[in-house]
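Before any comments, here is the structure.
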Amino acid sequence: MSDQPELTEVRSGHRFDEAALEAYMHQHVEGYQGPLTLRQFEGGQSNPTFLLQSPSGDYVLRKQPPGELLPSAHQVNREYRVMQALAQSDVPVPEMHALCEDPAVIGTKFYIMQKVPGRVFTEALLPNLRPEERRAIYRDLARVLAALHSVDYTAVGLGDFGKPGNYYARQISRWSKQYLASKTEELESMENLIRWLPEHLPEADETVIVHGDYRLGNVLIHPTRPEISAVLDWELSTLGHPLADLGYICQDYHTSSYNSEGLGRSDISDFGIPTEQEFINDYLSFSGRPSIENWNFYIIYNLFRSAAIVQGVYKRGLDGNASSAMALEYGEICKVRAELAWELAQAL
């Protein structure tokens, strides 16, 4: 397992006018000096991401994908805004350089940010690390998540970043619609969950900044230390309920992660990785929050939500608009997660 992000030549469906980009950077990115060399990151299934190398340094560009987009999806301007707002917080984020909302420049909206040195780990078991390093990384995942949820969203200028209250009702409605807009076959488990979830909403209604896709594969780990140097991929961030993020990362204890084995092993402690309850306890300790009631709802909700997300990725793969060649492998993941969520729901 390499801990460096995989880079490829720019995919044919994602090519754009590089000269127009370079002209834009000369005008809008302070200190930029050309010439510019582009390569595409293989990871990331939603917004295509590119490494920009130049004499003045390395940058990262994220843009909307080509083709017809689902409603409310691929809002790169929201990613830019939330990372810019968190710049002075305890949440590590890259420095933002420029946001372009004019699709006439390279064909879609995009933003440019600092390239942060770091390692990317996509395998939840972190097989090439020592047990003490694994424990430290997972503990830092809990710490940074708690730090995010403690940010005063109004004070950092994100008071209108989402609608406070009724978070789960709105999210369930949103992802039900997104799933139905991208479904390719009938899945009884998804149809059942679309009906079941609105009838079992938790009473808790706290509002914080939520990342929406907080997991090991979406953070950069410091080049030499077992700690997070940057949190990435903020496309799904909004104002919401903190246990949605916590339940999302804890999915890995119940099923495989997107590209690797999950954490639901009886011998997980032998790896130095905390059990699910230990990870929850770390988060509660860092956040100062009390114990959690009805925990399984947050797992069921997140399995449903992620099933809807990966169905969208799969559909874009079928349509030829996906950000990665792996998109066509995601069809089965939707089915597996939906069936597991429905099994858990029936057990309540």
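Here are the numbers for this structure:
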quantity: Selection within the range 319-348 - touching a helix residue (DSSP H, G or I) at 6+ places or on another chain (Cβ under 7 Å), at pLDDT 70 or above and either farther than 19 Å from His254 by Cα or aliphatic (A, V, I, L, M) (or both); calculated: Gly320, Ile333, Ala338, Leu340, Ala341, Leu344, Ala345, Leu348
quantity: Residue match in the range 27-47 (condition: modelled with pLDDT of 95 or more, surrounded by fewer than 19 Cβ atoms within 10 Å (Cβ to Cβ) and in a helix (DSSP H, G or I)); calculated: yes
quantity: Members of the range 125-153 that are outside any helix (DSSP H, G or I) and more than 25 Å from Tyr298 (Cβ to Cβ); calculated: Pro127, Asn128, Leu129, Arg130
quantity: Odd one out for Arg289, checked against (1) touching a Phe, Trp or Tyr at 6+ places or on another chain (Cβ under 9 Å); (2) crowded, with 20+ Cβ neighbours inside 10 Å; calculated: (2)
quantity: Leu148 vs. criteria within 30 Å of Ser54 (Cα to Cα), hydrophobic (A, V, I, L, M, F, W, C), surrounded by 19 or more Cβ atoms within 10 Å (Cβ to Cβ) and in contact (Cβ under 8 Å) with a residue 60 or more places away in the chain; calculated: no
quantity: Criterion: in the same structural domain as Asn296 (by TED's automatic domain parsing), among the charged types (D, E, K, R) and either over 30 Å from Gln4 (Cβ atoms) or part of a helix (DSSP H, G or I) (or both) - qualifying residue of Arg195, Arg225; calculated: Arg195
quantity: Residue in the range 198-220 that is surrounded by the most Cβ atoms within 10 Å (Cβ to Cβ), counting only those that are part of a helix (DSSP H, G or I) and over 10 Å from the mean Cα position of the chain (by Cα); calculated: Pro198
quantity: Filter pass, Thr49 being under 25 Å from Gln311 (Cβ atoms), among the β-branched types (Val, Ile, Thr) and in contact with an Asp or Glu (Cβ under 8 Å, 6 or more places away or on another chain); calculated: no
quantity: Total residues in the range 1-26, condition part of a loop (DSSP other than H, G, I, E, B) and more than 27 Å from Leu318 (Cα to Cα); calculated: 4
quantity: Which numbered condition Thr154 fails, given (1) surrounded by fewer than 18 Cβ atoms within 10 Å (Cβ to Cβ); (2) closer than 19 Å to Cys250 by Cβ; (3) of a type in the set (Val, Ile, Thr); calculated: (2)
quantity: Qualifying residue in the range 175-189 (condition: at pLDDT 95 or above, touching a Ser or Thr at 6+ places or on another chain (Cβ under 8 Å) and outside the structural domain of Val82 (by TED's automatic domain parsing)); calculated: no
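The values are calculated or read from the model by the stated rules, or taken from the named source; none is laboratory data. Everything numeric here is computed off the predicted structure, so don't read it as measured data. Backbone-built Cβ (ideal geometry, glycine too); neighbour counts: all protein chains shown.
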